[in-house]
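Quick notes on the structure that follows.
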Number of protein chains: 2
Amino acid sequence: MSTPANIVVLGGGGFLGSKLVAALLAKGETYGRPIARIVSADLLAPTASDPKVEGVAVDITDAAAVKALLAEADVIYHLAAVVSGQAEAEFDIGLQVNLMGTLNVLEGARASGRTPRVVYTSSIAVFGGEIPSPVEDHYQLNPQTSYGAQKAAGELLVTDYSRKGFIDGVGLRLPTITIRPGKPNKAASSFMSSIFREPLQGQTANCPADENFPIWHSSGRTVIKNLVHAGDVAAADLGMNRCFALPGRTDTVKDMIAAMTKVAGPEPATRITWNEEPAITPIIDGWRPVQRINPAKALALGFTRDDSFEDNVRYFLEDDIQPGGAA
Amino acid sequence: MSTPANIVVLGGGGFLGSKLVAALLAKGETYGRPIARIVSADLLAPTASDPKVEGVAVDITDAAAVKALLAEADVIYHLAAVVSGQAEAEFDIGLQVNLMGTLNVLEGARASGRTPRVVYTSSIAVFGGEIPSPVEDHYQLNPQTSYGAQKAAGELLVTDYSRKGFIDGVGLRLPTITIRPGKPNKAASSFMSSIFREPLQGQTANCPADENFPIWHSSGRTVIKNLVHAGDVAAADLGMNRCFALPGRTDTVKDMIAAMTKVAGPEPATRITWNEEPAITPIIDGWRPVQRINPAKALALGFTRDDSFEDNVRYFLEDDIQPGGAA
C-alpha cells in the first residue's frame, strides 16, 4: 500500500543512535510505512551489520553535505550533538554543531521538498534558572548551560519549520538516562549512572549528592522505544509546540540504591562513597527544581515511562553488561 | 569619575531608534557614565543632528562590518529587525537578519572584549500557542510566527552570552506600541494603532476586532523611557533569564476608544468602521491569551507603564502629529 520509507539517523554511531538503528530494523516500519533503508551517519561512518543499513561519514557543520545526505529522507532522527561538558568548555564548537548543525539539518530537510518527519533530540538541560517545580509543559526554557541554550534555540526552529510546512518535526527533551553504559565522563550528571554502573561491576563510585537528591530519569530502553514512537506520532496530534519533555520518573538517590539492592543484592551499595565535590555539588544543587517534571503532553501522545528503577537495573544488566563484565 | 561611554544603536534609522538616540542625548549618561558618542547605524546611514551622533550605514548580516562597528562600544542597542509580516513572507531574509544578524551582534560584542551592555529588543510575538493567560514571566515562548521564533532564539543566545560573560545583556519583549505614528502596514496588528491614528486626523479606519478585544500595549514614549532604563539596570539584579516582558497595559478596544473620545472629543470615534476581515480576524483571535501579561520582573527592576490610554493619545498628539497634520 504505502511506499517504503528512507530513514537517516544523524549521530548513528553513538550509544543511543546505534540502539535506535537496531530498534528501527527490528520494527521494520515507520510512520505507517515499511522501512526501505536506514542511513546511519556520524563523524566516522558507523559500522552497518544489516544489508538495509548504510554507514556514512558526515560533518553536520557542512551544510552541502547534510543537504545531499537528506535529499531522499522520509524520516530523519537528529541525535548529533556536542555534549554539555564540551559545549561549555569549547563554546564555538558547541554553537557550530548544536545550533548551526541543527539549522543545516532543518535546511537540508526543507530543501528535499519531502516535508520529512524530523525527530530532534533535545534535553532537560533546556530547563533551569527561574522556574517553579514541578516543571509543566508550558513553562519557559531558561537553560543554564550553552548546550541547553543551543538545544532550546533548535527547538524553536523545529516548531517554526514545522509550522511553515518545511518539515514535520517532533522535539523530545530526553531525561537523564539511567543506567547509561560506558565510562564516567566529566558531566556533572555523570554520577547519576556511575553510582550504579560501577558498583554493579565491582568498582567504587562517588555520589556528590545527598541521598535525598531527586533524579529525573529514564532507562535507555524506554528512551529508544519513545524515539521509535516519535517517528509514528500523527502530525495533527502534535499541537502548536512540536517540542516537549519525554516521560521519565523522579526517584531519590536513596530509592534508586534500594532498587539496585533488590535486584543485585546488598554488595553494590557498599561500594558507593559519599563525598561532596566542590566542582559538582553546587551545580547539581541548582538542578533540584527541574528533576520533577509533569510530562502531560508526551503521555497524552502515547510516550511511555519506566515502571520502576528496578527495571532499569535489569535492563542494564541484560542489555549493556558484556559477557566479559565491561559495560 | 567614570570614563565616557560609547553607544551604538543598531536600527537607529527607525521610528524607535531615532527617538531613542534623541532620548539618550537628552539624558547625557548611560550605565552611570557620561555619553561620549552615539553611533546610529542602519541599512542607510541615519541623519545625525547632533555633533555627538554619527550616522553609519551597516548591513547586520555582514559579520565583519558588525564586528568593526562594535569594537569600541560600551552600550549596544540592538533594534534592527525584519518585521513580522516580511519575516513571514520572506522566510530566508527574516532568518538571516533576525537570527543570524543577532548572532553577528553578539559575536561582535564578544570580540570587543569589553563585555558591553547589550539591550536586545524582543517582542510579545514570542508568546503564543499553548499558553495560559495571563502570561507569567516563567511561561514558555511558543511563537506562532517566524519573526517570533527568531526573536525567541535570540533571547536564548542573549542570556547564554551573558551567563558566559561575553556580554552583559538585557532583552525586552516590547508590547504593541499605541499609537504608532506613520502609515497603516500589512501587519495583522496594524489596526491597534490605525483605529486611533487615522480618525484623530480626520480619516476613516476599520477595526477587524470586536469592541471587547483586549490589547497589550504601551505608548512609544514609555517604551523609549524603558529602553533608556535598560541601559542603566545593574547586571546583578537581572537574574538567570536576561529577557522578560516590558510592562504594558491591557485595555479593550472599547475602553481605548472611550479614552480617545475623552481627549479629542466624539468626532474621531465616528470614523471607525467595524467589518470583520477574513485575512485578519482569525489571526488576532489567536492572540487573545497573550494580550494579558504579568510583567512582574520588569516592574521589580524599575521599568514603567502608562497610567492610561488617555495619556497615550496626548503623547501621540504632542510627539507625532506634525503641524501640517501628517503623523
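Name the residue from A:Ser2, A:Ala63, A:Gly85 whose Cα lies farthest towards the positive end of the charge dipole of region A:1-99, charges +1 on Cβ of Lys and Arg and -1 on Cβ of Asp and Glu.
In region A:1-99, that residue is A:Ser2.
With a ≥ b ≥ c the root eigenvalues of the C-alpha gyration tensor of region B:1-74, is it rounded (a/c under 1.5), prolate (a/b larger than b/c) or oblate?
oblate
Give the Kirkwood hydrodynamic radius (Å, one decimal) of region A:268-327, defined as one over the mean of 1/r across all pairs of different Cα atoms.
The Cα-based Kirkwood calculation yields 15.4 Å.
Of the GluC sites (Glu not before Pro) in region A:13-77, which ones lie in a loop per DSSP and count no more than 16 other C-beta atoms within 10 Å?
Those satisfying the criteria are A:Glu72.
Check each of the trypsin sites (Lys or Arg not before Pro) in region A:166-201 and keep only those in coil by DSSP with at most 13 other C-beta atoms within 10 angstrom; list them in order.
Passing sites in region A:166-201 are A:Lys186.
Per 0.36 nm of contour for each residue apart, how much would the distance between A:Ala36 and A:Ala23 grow if the chain were fully extended, relative to their Cα-Cα spacing?
Contour length minus the Cα-Cα distance gives 3.2 nm.
Looking only at chain A, where both bridge partners belong to it, what percent of the DSSP beta bridges are antiparallel (to the nearest 5)?
Around 15 percent antiparallel, to the nearest 5.
What average count of beta carbons from other chains do you get within 10 Å of the Cβ of residues in B:103-110?
1
Label points 7 Å out from Cα along the Cβ direction at B:Asp319 and B:Lys262: separation in nm?
Going from the B:Asp319 label point to the B:Lys262 one covers 1.9 nm.
Taking 20 °C and 1.002 mPa s as the conditions, I'd like the Stokes-Einstein D for region A:178-327 in µm²/s, using the Kirkwood hydrodynamic radius from alpha carbon pairs.
Estimated via Stokes-Einstein, D reaches 131 µm²/s.
For the charge dipole of region A:247-327, defined by +1 on Lys and Arg C-beta atoms and -1 on Asp and Glu C-beta atoms about the Cα centroid, which residue among A:Thr273, A:Leu317, A:Ala258 has the Cα displaced farthest towards the positive pole?
Looking along the dipole axis, the top candidate is A:Ala258.
If you bin every alpha carbon distance in the protein assembly as shown into 20 Å steps from zero, what whole percent lands in each bin?
18, 48, 28, 6, 0
Report the chymotrypsin sites (Phe, Trp or Tyr not before Pro) located in region B:184-289 that are in a DSSP loop and have at most 14 other Cβ atoms inside 10 Å of their Cβ, or state none.
B:Trp274
Exceeding 28 Å between C-alpha atoms, which entries from my cross-link table qualify? They are A:Lys164/B:Lys67; A:Lys262/A:Lys297; A:Lys27/A:Lys297; B:Lys19/B:Lys164; A:Lys67/B:Lys151; A:Lys19/A:Lys186.
In this structure, A:Lys164/B:Lys67; A:Lys262/A:Lys297; B:Lys19/B:Lys164 lie more than 28 Å apart at Cα.
What is the spin-label model distance, in nm, from B:Asn206 to A:Ala71 if the labels are put 7 Å beyond Cα along the C-beta direction?
It is 4.7 nm.
Counting only Cα atoms, I'd like the Rg/Rh figure for region A:90-234, Kirkwood definition for Rh.
Here the Rg-to-Rh quotient is 1.01.
What is the mean number of Cβ atoms from other protein chains located within 10 Å of the Cβ atom of each residue in peptide B:133-140, rounded to a whole number?
Taking all residues of B:133-140 together, the mean is 4.
May I ask you to report, in nm to one decimal and beginning with the shortest, the distances from A:Ile321 to the same position in the other copies, taking label points 7 Å along Cα-to-Cβ?
Distances between equivalent label points, in nm: 8.3.
With just the Cα atoms of chain B, tell me how far they stretch along each of the three principal axes, in Å, largest first.
Projected onto its principal axes, the Cα set of chain B covers 56, 45, 38 Å.
Using a Debye calculation, one point per C-alpha and no hydration shell, please list log10 I(q)/I(0) for region B:240-295 at q = 0.27 Å⁻¹ in order.
Treating every Cα as an identical point scatterer, log10 I(q)/I(0) equals -1.09.
What does the charge add up to near A:Ile224, with Lys and Arg as +1, Asp and Glu as -1, over the other residues with Cβ less than 11 Å from its Cβ?
In short, +3.
What is the mean number of Cβ atoms from other protein chains located within 10 Å of the Cβ atom of each residue in peptide B:145-155, rounded to a whole number?
5
For a protection proxy built on the mean count of beta-carbon atoms within 10 angstrom, sort A:227-234, B:229-236, B:35-42 highest first, please.
B:35-42, A:227-234, B:229-236
For every helix of n ≥ 4 consecutive DSSP H residues, a contribution of -39,500 (n - 2.57) applies; sum these over chain B, divide by its total residues, and give [θ] at 222 nm rounded to the nearest 500 deg cm²/dmol.
When only DSSP H runs of four or more count, the value is -9500 deg cm²/dmol.
Taking the Cα centre of each part, how many Å lie between region B:59-90 and region A:1-47?
40
Defining the label point at 7 Å along Cα→Cβ, can you sort the distances from B:Arg37 to the same site in each other copy, shortest first, in nm?
Label point to label point, same position, other copies: 5.9 nm.
Under a point spin-label approximation (7 Å from Cα along Cα-to-Cβ), what is the B:Asp307-A:Leu299 distance to one decimal in nm?
Here the modelled spin labels are 5.0 nm apart.
How big is the dipole moment of the protein assembly as shown about its Cα centre under a simple scheme where the beta carbon of each Lys and Arg is +1, that of each Asp and Glu is -1, and everything else is neutral? Debye, nearest 20, please.
That gives a dipole near 80 debye.
Given a Förster distance of 56 angstrom, what is the FRET efficiency for A:Asn185 paired with B:Asn275, based on the Cβ-Cβ distance and rounded to 0.05?
0.35
Tell me the angle of helix A:101-111 to the major Cα principal axis of chain A, expressed in degrees between 0 and 90 and rounded to the nearest ten.
30
Using +1 on the beta carbon of Lys and Arg, -1 on that of Asp and Glu, and nothing else charged, what's the dipole of region B:156-235 about the Cα centre, debye to 20?
In total the dipole reaches around 200 debye.
What net charge is computed for the residues neighbouring B:Arg249, neighbours being all others with C-beta under 12 Å from the C-beta of B:Arg249, Lys and Arg scored +1, Asp and Glu -1?
Residues close to B:Arg249 contribute a combined charge of -4.
Can you give the three extents of the C-alpha atoms in region A:106-147 along their principal axes, from longest to shortest, in whole Å?
Here the Cα extents, ordered largest to smallest, are 41, 21, 12 Å.
Please report the Cα spread of region A:84-174 along all three principal axes, rounded to whole Å, starting with the longest.
Extents along the principal axes: 39, 31, 17 Å.
Just to confirm the numbers: A:Lys183, label point 7 angstrom along the Cα-Cβ line, distances to the other copies in nm, shortest first?
Spelled out, the distances from A:Lys183's label point are 6.6 nm.
Chain B: which residue's Cβ hugs the B-to-A rotation axis most tightly, distance rounded to whole Å?
Nearest Cβ to that rotation axis, in whole Å: B:Ala153, 2.
Bear in mind these aren't lab numbers, they're just calculated from the coordinates by the rules spelled out. What you are looking at is a predicted structure, and each value in this text was computed from that prediction instead of being measured. FYI the Cβ positions are ideal-geometry reconstructions off the backbone, even for glycines, and counts take in every protein chain you see.
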